[in-house]
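Participant: Here it is, the structure in full.
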Amino acid sequence: MIEALKDDKVINALGGRFQFTSLVQHRIRELMEGARPLVERAGRTDFEVAVQEVVEGKIAIGKPVDALSSLSQEGASDVAPADTSAAEI
């Protein structure tokens with residue numbers, strides 16, 4: 001997992017280290033609040049799971065296009081699954 005971060009491809013694809021950190025931090029919070037992991041947990045911490053989800057492209061920064069019209073709804077998430085069409089923030 002950490003080996004994948006030594007190459008800046010993942011970091012650059014997200015728009016830099018700040019974007020990566022923000023995404024991981026947000027996802028850790030979701031996991032701590034009970035969200036289901038998108039990768040096999042296999043005894044890993046929430047941090048390790050969140051980083052693995054980013055490395056595998058399971059999550060990305062953005063919102064699904066359908067959710068753009070409902071931004072005023074409470075609880076709208078900034079993290080969209082990568083396989084949905086996501087608009088950059």
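Participant: If only one of Glu3, Glu30, Glu40 is farther than 18 Å from Ile61 by Cα and not in a loop (DSSP other than H, G, I, E, B), which one is it?
Facilitator: Result: Glu3 is the single residue among Glu3, Glu30, Glu40 that is farther than 18 Å from Ile61 by Cα and not in a loop (DSSP other than H, G, I, E, B).
Participant: Out of (1) at pLDDT below 75; (2) outside any loop (DSSP other than H, G, I, E, B), what's the single condition that is false for Val49?
Facilitator: Among (1) at pLDDT below 75; (2) outside any loop (DSSP other than H, G, I, E, B), the lone unmet condition for Val49 is (1).
Participant: If you don't mind, there's one more thing I want to ask. Determine whether Arg36 is at pLDDT 95 or above, surrounded by 12 or more Cβ atoms within 10 Å (Cβ to Cβ) and over 18 Å from Lys9 (Cα atoms).
Facilitator: No.
Participant: Within segment 76-89, does at least one residue satisfy the condition of being among the acidic types (Asp, Glu), part of a helix (DSSP H, G or I) and either exposed (fewer than 12 other Cβ atoms within 10 Å of the Cβ) or modelled with pLDDT under 90 (or both)?
Facilitator: Within segment 76-89, not a single residue is among the acidic types (Asp, Glu), part of a helix (DSSP H, G or I) and either exposed (fewer than 12 other Cβ atoms within 10 Å of the Cβ) or modelled with pLDDT under 90 (or both).
Participant: Let me ask something else. Are any residues in segment 2-33 modelled with pLDDT under 90 and surrounded by 16 or more Cβ atoms within 10 Å (Cβ to Cβ), and if so, which ones?
Facilitator: Val10, Ile11, Leu14
The values are calculated or read from the model by the stated rules, or taken from the named source; none is laboratory data. Note that this is a predicted model, so its numbers are computed, not measured. Methodologically, a virtual Cβ is constructed for each residue, glycine included, from the backbone with ideal geometry; neighbour enumeration extends over all protein chains shown.
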